[in-house]
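Notes follow the structure.
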Ligand SMILES: [Zn+2]
Ligand SMILES: [Zn+2]
Ligand SMILES: [Zn+2]
């Protein structure tokens, strides 16, 4: 799936470290392609006329750089150095890279994000780390709207992980966005190999029939399970409550766990259909979130370790969840 990720070649610095300057040099977007080595001192006097213009616009001319047409301007507010074309100083209001950078950091913070760096491809976009741990590329104006509470930031990575997890539970694999372009549909592959479009909401509720092998959601046995996941090397132990149409032996693959994770199935109960398992599981999660909000582990704590973004709890809830599963098993005896 196409998505916004970090550009190839790693993060792009918003400023350069130049040997002859005592502070980082901020570079406007349009000059980003100039190699750091080309920002060398340029000889010659600084004209009083330039100093006067700079002072009017909140700067002091620090020095000349690169060629006869470029200046280093020092901001009178923050002291940061920014390279500007003489023409910009004459005809426009030069921006201070330092003030801009700080504003982006502060706006991101107010929007609940961490500003990482500008997008080298677009002067209107930057890369941010969201609370979930994923990296998002967003328009600077959009982040300001998030800060003002006008829009919500939605993480496509989390959405995709949720969709993939939902599909796995039903014995399907999320393949791609809808080939016909609907936001409400996705392309999935059944365990038999057949691919078809399915409405997201139907996949969420386990109401999906495979058009090829005829496997029907009304007739498929499913399992509610509680597993303990331990990463001994990181001193991390979590529990996950979920349901799956597939046997528990596939947990490692389904949850994207590497060999450092220890998996213990604490309780597993069979239910006659995926639809019923799904309905009971959703209710149980909603109830746990409401009654034990402190025991719900935020996704940032396990990002990169397991490919889900919800349904992870503190091990202190083990006894309670076990008891709830025991009751569900009593209410739905298997023949
Ligand atoms: Zn400044
Ligand atoms: Zn995310
Ligand atoms: Zn099938």
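Every read-out reported here was derived from the displayed coordinates using simple, explicitly stated rules and does not represent laboratory data. What you see is a predicted model; the values in this text were computed from it and never measured. No Cβ is skipped: glycine too gets one built from the backbone with ideal geometry, and neighbour counts run over all protein chains shown.
Points worth noting:
- The alpha carbon gyration tensor of the range 221-331 gives principal lengths a ≥ b ≥ c with a/c of 1.5 or higher and a/b no greater than b/c, which makes the shape oblate.
- Of all DSSP beta bridges in the chain, antiparallel share, percent nearest 5: 95
- Each peptide among 318-328, 44-54 gets the average number of other Cβ atoms lying within 10 Å of its residues, and from highest to lowest they stand as 318-328, 44-54.
- Using a Förster distance of 30 Å, the FRET efficiency for residue 189-residue 266 (Cβ separation, nearest 0.05): 0.50
- With a Förster radius of 51 Å applied to the C-beta separation of residue 103 and residue 283, the computed FRET efficiency comes to 0.65.
- For the chain, the longest principal axis of the C-alpha atoms and the axis of helix 318-331 are separated by about 40°.
- Cα shape, the chain, gyration tensor, a/c 1.5 rule: prolate
- Across the range 69-98, the residues whose backbone nitrogen lies under 14 Å from the label position 7 Å along the beta-carbon direction of residue 56 are 87-94.
- Take the Cα of residue 122, step 7 Å toward its Cβ, do the same at residue 246, and the gap between the two points is 3.5 nm.
- Ordering 287, 152 by the number of other Cβ atoms within 10 Å of each residue's own Cβ, fewest first, gives 152, 287.
- Placing a pseudo-label 7 Å from each Cα along the Cα-to-Cβ vector at residue 177 and residue 114 gives an inter-label distance of 2.8 nm.
- Reciprocal of mean inverse Cα separation for the range 157-218 (Kirkwood radius, Å): 11.4
- Cα gyration tensor shape for the range 42-86, rounded if a/c is under 1.5, else prolate or oblate: oblate
- Theoretical FRET efficiency, 1/(1+(r/R0)^6), r = Cβ-Cβ of residue 234 and residue 320, R0 22 Å, to 0.05: 0.30
- Computed label-point distance, nm, for sites residue 144 and residue 212 using a 7 Å Cα→Cβ extension: 5.1
- Virtual paramagnetic centre 7 Å along Cα→Cβ of residue 154, amide N under 12 Å, in the range 171-214: 183-185
- GNM remark for the chain: springs join alpha carbons under 10 Å apart, and the peak mean-square fluctuation among 134, 33, 101 falls on 33.
- Maximal additional length on extending the residue 31-residue 332 stretch stands at 101.6 nm, based on 0.36 nm per residue less the C-alpha distance.
- Across the range 157-218, the relative contact order, built from alpha-carbon pairs under 8 Å that are at least six residues apart, equals 23 percent.
- Sum of -39500 (n - 2.57) over DSSP H runs of 4+, divided by residues of the chain (222 nm, nearest 500): -8000 deg cm²/dmol
- Alpha-carbon centroid distance for the pair the range 49-121 / the range 199-233, whole angstrom: 55
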